[in-house]
Amino acid sequence: MTAPTDIAGAAAALRGGATEARAGGTDVMARAAHRADAGPFTDLGRVAGLRGVTWRADGSALVGATTTVAEVAADARLRAAYPALTATAAALATPQIRATATVGGNLLQRNRCWYFRNPAFRCLQDGGDTCPAHAGDHRYGTVVDPGPCVAPHPSSLAAALLAYDARVAVEGAGPRPVAALYDAADPTRDHVLEPGALLVAVELPVPAAGEAAAYRRATARSRAEWPLVEAVARVVFDGARVASAAVAVGGVARTPLRLPEVEEALTGGPLTAEAVAAAVAGLPDRCAPLPRTGYKAVLLPATVQDVLERLIPA
Ligand SMILES: Cc1cc2nc3c(=O)[nH]c(=O)nc-3n(C[C@H](O)[C@H](O)[C@H](O)COP(=O)(O)OP(=O)(O)OC[C@H]3O[C@@H](n4cnc5c(N)ncnc54)[C@H](O)[C@@H]3O)c2cc1C
């Protein structure tokens, strides 16, 4: 394992995919313990300039890739500007994992399908030609646009960052929208960052005046679990009227998703319980459940409704 101390050294060690980045290690070390396809590693833990939050003069924030999830959750200035991001960070995994897991690793972690993680199986994500979960036990699988691979995307921060229209900075390349990290049409990968590329930071835009945001997750148990469905909502108010809305969900599809139909339905009018109920009413039609994921077609509108109702002005 190499342990570079600067960004240039880390980029050089990763270049071409010769080694795999290890940030907090909570995903890669679990994979390495069970499968042969992880490593050798370049450890990012000592790389100067990758960790911490920088504020630009215009009020936008840069969150370094090795900033831990716990640091994001505890950052008061981030919480004031991007409350749904810090709420998402505070809700995911466990205190121990949040203390180690990083923003970059969270966005680029591999899926948690038990067939993918089990060396006794081959699947589309590791060179196989079928998805064993399709015919097998896919109770935590996708419900929106289920394609050849039915593992939902595991990153909670990705959904929050989608709702905030965040971008990622990649060493040696221009910034790109968070959504460009993912491709629902590719069943062989959980993200489409080029092999060997180094994610340097996440860029959050200046919060709008009159912005409010919230995060909710539906879980099968209260802690140490990925959500069954999670939702992030960000609404910009112009007086009592919704000037714009951003709604993103996780746990339901191969990638974190924005819900443009809900956003459009809410924009222009007041945010009321009736408006929210009407906006989410079509979401079950967006779902195409697998035999064991029909419950997510119920949880999806309920979770989106719940998160939006938290933003209704008193
Ligand atoms: C019980 C449990 C519950 C969990 N619940 C949730 C949950 O609710 N929501 C959620 O989102 N996650 C959840 N997780 C997963 C956890 O959040 C991830 O394992 C963690 O965020 C990964 O971050 P890391 O820094 O440890 O990544 P690592 O394991 O270090 O890396 C993960 C991947 O990212 C790549 N990588 C990391 N940093 C960079 C970089 N800067 N540039 C390029 N590539 C990079 C690595 O090469 C690797 O492929 C849970 C985990 C457990 C065990």
Quiz prompt | Leading residue at positive end of dipole, the range 7-203 (Cβ point charges), from 178, 16, 85 | solution = 85
Quiz item: What does the charge count near residue 90 come to, summing +1 for each Lys or Arg and -1 for each Asp or Glu among other residues with Cβ under 14 Å from its Cβ?
Solution: +2
Self-check item: Antiparallel DSSP beta bridges within the chain, as percent of all bridges there, nearest 5
Solution: 90
Exercise. Output the peptides 78-85, 26-33, 159-166 sorted from most to least packed, where packing is the average of other Cβ atoms within 10 Å over each peptide's residues.
Key: 159-166, 78-85, 26-33
Quiz prompt | the chain, relative contact order in percent, only Cα pairs under 8 angstrom and at least six apart counted | solution = 18
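Over the range 211-309, what is the mean sequence separation of C-alpha contacts under 8 Å (at least six apart), divided by residue count, expressed as relative contact order in percent? Before the final figure, lay out each step's value.
On the way: 175 pairs, mean separation 26.5, N = 99.
Once normalised by length, the contact order is 27 percent.
Which value, to two decimals, describes the C-alpha radius of gyration of the range 7-203 once divided by 2.2 N^0.38 Å?
On the way: Rg = 16.7 Å, N = 197, 2.2 N^0.38 = 16.4 Å.
Taking N as the residue count of the range 7-203, the ratio is 1.02.
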Quiz prompt | the range 3-151: relative contact order in percent, alpha carbon pairs under 8 Å with at least 6 residues between | solution = 19
Self-check item: Estimated Rh, the range 87-184: Kirkwood, alpha-carbon pairs, angstrom
Solution: 15.2
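Give, rounded to the nearest 20 debye, the magnitude of the charge dipole that the range 7-203 has about its Cα centre when Lys and Arg contribute +1 at Cβ and Asp and Glu contribute -1 at Cβ.
Details: 18 positive and 18 negative charges, 92 e Å.
That gives the range 7-203 a dipole magnitude of about 440 debye.
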Quiz item: Could you give the distance between the Cα centres of the range 228-245 and the range 186-201, to the whole Å?
Solution: 29
Practice problem: Set Lys and Arg Cβ to +1 and Asp and Glu Cβ to -1, take the dipole of the chain about its Cα centre, and tell me which of 246, 142, 66 lies farthest positive. | Solution: 66
Quiz item: How much net charge surrounds residue 181 when only the other residues with a Cβ under 11 Å from the Cβ of residue 181 are counted, with Lys and Arg +1 and Asp and Glu -1?
Solution: 0
Quiz item: Peptides 214-226, 260-272: what's the order by average Cβ count within 10 Å, highest mean first?
Solution: 260-272, 214-226
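What translational diffusion coefficient, in µm²/s and rounded to a whole number, does the Stokes-Einstein relation yield for the range 211-309 at 37 °C and a viscosity of 0.692 mPa s, taking the hydrodynamic radius as the Kirkwood radius over Cα pairs? Don't jump to the answer; show the numbers that get you there.
Numbers: Rh = 13.7 Å.
The Stokes-Einstein estimate is 239 µm²/s.
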Quiz item: Calculated from DSSP H runs of 4 or more alone, at -39500 (n - 2.57) each and per residue, what is the 222 nm mean residue ellipticity of the chain, nearest 500?
Solution: -7500 deg cm²/dmol
Practice problem: Please report how far the C-alpha centroid of the range 1-46 lies from that of the range 110-162, rounded to the nearest whole angstrom. | Solution: 23
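Quick one: dipole size for the range 211-309, taken about the Cα centre, charges +1 on Lys/Arg Cβ and -1 on Asp/Glu Cβ, in debye to the nearest 20. Don't skip to the answer; put the middle values down first.
Working: 11 positive and 11 negative charges, 109 e Å.
With only Lys, Arg, Asp and Glu charged at Cβ, the dipole is about 520 debye.
Only the coordinates and a few stated rules stand behind these numbers; no lab work does. Source: prediction; values computed, not measured. All Cβ positions, glycine included, derive from the backbone under ideal geometry; neighbour counts span all protein chains shown.
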